[in-house]
Every structure is written in C-alpha cells, then in structure tokens.
Amino acid sequence: MFRKPGIVFACVVVMAALFSASAGAAAPSDAAQRQEEEKAADKKLKELNKKMNELAAEARKATGETRAEMNRLYEEFKKQQEVASKDLEELRKSTNETWGKAKVNMDKAIENLNGLYERSKAKSKEKGETK
C-alpha cells in the first residue's frame, strides 16, 4: 500500500524535473529572440538617422518653403529620435512581463520616425522637381 504512493511521488518528481528542464530550455530562446529584436530596432534607428541626415544635407540646397518644411521635419525627427532612444532603452531594461508593451512602444517610435523620413524624402523630391 505504501509502495504505490512512493511510485506516484517518484513519477511526480521526474515529471516536474522534465517540465522545469523544458521550461528552462525555452527561456534562452526567448532571451535570444528579444536580443535579436532589440538589435534590429537599434539597427533601424541608426539607418533612419543616417538617411535623415542625408536629407538634411539636401535641405540646405533647397530654398524657400521647401527648405523651411524640410528643416521643420528634421527638427521633429530629432525630437522623435530622442523618444525612440528612450523607448529602446526601456525595451532593453524590460522584464518578461513588461517587454510586450515596451516592444509596442518601440515599434510605434520606429513607425513615427519612418513616417517623418518618408515625408522629408517626398519634400526633397519636390525640391528637385521645382529646379
């Protein structure tokens, strides 16, 4: 009679060990995935910054209203870039529980920066067409 509870207990211990081992194996994968997404966000921010700086150089060649609008968009880009940098820092510091929200904020910041870049690019093309 006492042997059966011992067997049941042993099975429970073995199953618990197997489940904890598989849960432990999944954690590094999640951490690796998080790290990859953080690197991708950082890379995207750097790419957008480089592209926007190139457009800012073109804005110096523009005149009148086009130049003023491109400069305004550049200043807005720089403000949004500060926000995105803070969002990236929050993403890096986030816990498993807060990472999802931090990721959404980071994605939104990149989307905003990309939109500002695209509007600046369109303005730059207007400058080229009016020459």
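For residue 88, indicate whether it is touching an Asp or Glu at 6+ places or on another chain (Cβ under 9 Å), touching a residue at least 40 places away in the same chain (Cβ under 8 Å) and open to solvent by less than 100 Å² (accessible area, probe 1.4 Å).
Numbers: touching an Asp or Glu at 6+ places or on another chain (Cβ under 9 Å): yes; touching a residue at least 40 places away in the same chain (Cβ under 8 Å): yes; open to solvent by less than 100 Å² (accessible area, probe 1.4 Å): yes.
Yes: the conditions hold for residue 88.
Just to check your reading of the model, which residue among 96, 112 is open to solvent by 70 Å² or more (accessible area, probe 1.4 Å) and in contact (Cβ under 8 Å) with a residue 24 or more places away in the chain?
Values: 112 fails: open to solvent by 70 Å² or more (accessible area, probe 1.4 Å).
Unique residue meeting the criteria: 96.
Looking at residue 118 and the list (1) in a helix (DSSP H, G or I); (2) open to solvent by less than 60 Å² (accessible area, probe 1.4 Å), which single condition is not satisfied?
Checking residue 118 against (1) in a helix (DSSP H, G or I); (2) open to solvent by less than 60 Å² (accessible area, probe 1.4 Å), the one that fails is (2).
Open to solvent by 50 Å² or more (accessible area, probe 1.4 Å), touching a residue at least 12 places away in the same chain (Cβ under 8 Å) and farther than 27 Å from residue 35 by Cβ, is that true of residue 75? Break it down into steps so the answer makes sense when it comes.
Numbers: open to solvent by 50 Å² or more (accessible area, probe 1.4 Å): yes; touching a residue at least 12 places away in the same chain (Cβ under 8 Å): no; farther than 27 Å from residue 35 by Cβ: yes.
So residue 75 does not fit the description; no.
Kindly indicate which of 91, 113, 55 is farther than 25 Å from residue 38 by Cα and in contact with a Lys or Arg (Cβ under 9 Å, 6 or more places away or on another chain). Even if it seems obvious, please write down each step before you answer.
Values: 91 fails: farther than 25 Å from residue 38 by Cα; 113 fails: farther than 25 Å from residue 38 by Cα.
Result: 55 is the single residue among 91, 113, 55 that is farther than 25 Å from residue 38 by Cα and in contact with a Lys or Arg (Cβ under 9 Å, 6 or more places away or on another chain).
When region 35-70 is examined, which residues are found to be open to solvent by 60 Å² or more (accessible area, probe 1.4 Å), of a type in the set (D, E, K, R) and closer than 30 Å to residue 105 by Cα?
36, 39, 43, 44, 46, 47, 50, 51, 54
Name the residues in region 79-102 that are of a type outside the set (D, E, K, R) and in a helix (DSSP H, G or I), would you?
Just the residues of region 79-102 that are of a type outside the set (D, E, K, R), to begin with: 80-81, 83-85, 88, 91, 94-96, 98-100, 102.
80, 81, 83, 84, 85, 88, 91, 99, 100, 102, listed by residue number.
The values are calculated or read from the model by the stated rules, or taken from the named source; none is laboratory data. Quick caveat: nothing in here was measured; it's all calculated off a predicted structure. For neighbour counting, all protein chains shown are included, and Cβ atoms are generated from backbone atoms with ideal geometry for every residue, glycine included. Note: areas computed on protein heavy atoms with side chains; ligands, DNA, RNA excluded. Shrake-Rupley method; radii C 1.70, N 1.55, O 1.52, S 1.80 Å.
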